[in-house]
Amino acid sequence: MYEQLPLFTRVGASAYKADLANTIELCARLDNPQHKFKSVHIGGTNGKGSTSHMLAAILQTAGYKTGLYTSPHLKDFRERIRINGQMISQQAVIDFVAAHKTDFDEISPSFFEMTVAMAFDFFARQKVDIAIVEVGLGGRLDSTNIITPLVSVITNIGWDHMNILGDKLELIATEKAGIIKPGIPVIIGEYQSEVAPIFIEKAKREGSKISFASEMLSEVSRESKVGSPKSKVSQINEFLDIEVTPSSEFSDLRLKTLDLRLDLTGTYQLKNVKTVISAVDELRAQGFKISDEDLKIALSKVKTLTGLHGRWEVLSRHPLTICDTGHNPEGLQEVLQNIRSVAYDKLHFVIGVVNDKDISKILDLLPKNAIYYFCKPDIPRGLEAESLKLKAESFGLYGEAYPSVKAASQSAQHNAGKNDLVFVGGSTFVVAEVV
């Protein structure tokens, strides 16, 4: 699979197929498994992975056999395809590839197209009650966009993959809006005035009910102190306590005020959890039996139930070391907000990026008083550490280049004092090497 199929994470845009023909043909040869299970489709620029995992955890806790398809993976390809938190077996992957090698030779799918077909075939064969399907890239022409879900979800719109989706937010939003289907309700996580009209107009054309989670629900975060920290930088909450309440104009929601404890502690999860709750409300309207207790239990152990990693994740407390997959301007702004909430003496920032993105907006956001450890993620698309270092210096960011993510991370931890903070990020592929 890795050697013969174009893999986006390795070669970038050249692996992206801007049409659905291959996926449609491949799934046709599999007897269209995408029509044999119920689904929820989740797209957006930031937060779609967390949203997908939270919703899967809730449905799983409520007793439904729940498929979960996400991308990319961090450590193991099989992370992309799960049922009730369990990865697809190695044998199932081997059997699928062996059984359909002729189809691959004739159709020449990309890695992602093949993976989507494998996931849908697996979910159909395993007779899942429902599958949460995360969009890979964009929406309109994404391989996952051959499903007809019970509800479509779009978390937000931000600057990412502009070389493929367009260099204006309106163009990116138009591509994301492509998952809105005729008559299928759609939930938009975050109301953004620049792009909301695009979603509203698309939903109107398709005859789809549209809701904005950020307008329907409000939340209050309550700091949760767990344990007795030995130093000021150890004061990282193990849970995020929040109260979610329907806005006054949406008092008819089936969900009332909820006190929740999230094991995903990045403050950006406040946005995502409102999106998730809105999706649960819609699923309840369609007959799914999901209690408030199911919801509370699931959100308190999303990582345990689904295997999610890399979202404001504490890797070590001596020194305090945290990683996060936020890698575009909007995602990084959320990460930096979390970093600012931590008390520390010095910030040691391990950073690596890919070579096919304009990183100027990212570098412009980074704190100039941090010590930087530049590295290249171990993929062909990774930007060389020395090149990143030179680019960063033009933005007033200084540090040293390292031969690998591991070397950079180890150096940062070695140099950090007991009250310092080490952060690892810049790319999902950097985080993949430290979790």
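The values are calculated or read from the model by the stated rules, or taken from the named source; none is laboratory data. None of these values were measured; they are calculated from a predicted model. FYI the Cβ positions are ideal-geometry reconstructions off the backbone, even for glycines, and counts take in every protein chain you see. SASA here: full protein model, heavy atoms, side chains in, ligands and nucleic acids out. Shrake-Rupley method; radii C 1.70, N 1.55, O 1.52, S 1.80 Å.
Filter segment 157-175 for residues that are open to solvent by less than 20 Å² (accessible area, probe 1.4 Å) and either in a loop (DSSP other than H, G, I, E, B) or at pLDDT 95 or above (or both) and give the result.
Matches in segment 157-175: Ile157, Gly158, Asp160, Gly166.
In segment 86-115, what count of residues is obtained for those that are aromatic (Phe, Trp, Tyr) and modelled with pLDDT of 95 or more?
Residues in segment 86-115 being aromatic (Phe, Trp, Tyr) and modelled with pLDDT of 95 or more: 1 in total.
Can you say whether Glu219 is of a type outside the set (S, T, N, Q), assigned to a helix (DSSP H, G or I), modelled with pLDDT under 95 and within 23 Å of the chain's Cα centre (by Cα), as far as the supplied structure shows?
Details: of a type outside the set (S, T, N, Q): yes; assigned to a helix (DSSP H, G or I): no; modelled with pLDDT under 95: yes; within 23 Å of the chain's Cα centre (by Cα): yes.
No: the conditions fail for Glu219.
Name every residue in segment 54-102 that is assigned to a loop (DSSP other than H, G, I, E, B) and either crowded, with 17+ Cβ neighbours inside 10 Å or touching a helix residue (DSSP H, G or I) at 6+ places or on another chain (Cβ under 6 Å) (or both), in order of residue number.
Across segment 54-102, the qualifying residues are Ala62, Tyr64, Thr70, Ser71, Pro72, His73, Leu74, Asn84, Gly85, Ile88, His100.
Which count do you get for residues in segment 116-141 that are open to solvent by 10 Å² or more (accessible area, probe 1.4 Å) and at pLDDT below 95?
4
Please verify whether Thr51 is in contact with a helix residue (DSSP H, G or I) (Cβ under 6 Å, 6 or more places away or on another chain) and buried (at least 24 other Cβ atoms within 10 Å of the Cβ), treating the condition exactly as stated.
Here the answer is yes, as Thr51 does meet what is asked.
Residue under question is Lys361, and the condition is that it be closer than 28 Å to Gly136 by Cα and at pLDDT below 95; does it hold?
Yes, satisfied.
May I ask you to verify whether Glu113 is crowded, with 21+ Cβ neighbours inside 10 Å, under 23 Å from Ile379 (Cα atoms) and either in contact (Cβ under 8 Å) with a residue 24 or more places away in the chain or of a type in the set (A, V, I, L, M) (or both)?
yes
Looking at segment 110-141 only, could you name the residues that are in contact with a strand residue (DSSP E or B) (Cβ under 8 Å, 6 or more places away or on another chain), under 17 Å from His73 (Cα atoms) and not in a helix (DSSP H, G or I)?
Result: Ile132, Val133, Glu134, Val135.
Search segment 379-390 for residues that are free of Cβ contacts under 8 Å to residues at least 60 places away in the same chain and farther than 11 Å from Asp356 by Cβ and pair each with any residue that is assigned to a helix (DSSP H, G or I) and among the hydrophobic types (A, V, I, L, M, F, W, C) when their beta-carbon atoms are under 8 Å apart and the residues are at least 6 apart or on different chains.
Between residues of segment 379-390 that are free of Cβ contacts under 8 Å to residues at least 60 places away in the same chain and farther than 11 Å from Asp356 by Cβ and residues that are assigned to a helix (DSSP H, G or I) and among the hydrophobic types (A, V, I, L, M, F, W, C), the close pairs are Ala385/Ala408.
Does segment 268-282 contain any residue that is in a loop (DSSP other than H, G, I, E, B), within 29 Å of Leu150 (Cα to Cα) and either open to solvent by less than 20 Å² (accessible area, probe 1.4 Å) or among the hydrophobic types (A, V, I, L, M, F, W, C) (or both)?
Looking for residues that are in a loop (DSSP other than H, G, I, E, B), within 29 Å of Leu150 (Cα to Cα) and either open to solvent by less than 20 Å² (accessible area, probe 1.4 Å) or among the hydrophobic types (A, V, I, L, M, F, W, C) (or both), one finds none in segment 268-282, hence no.
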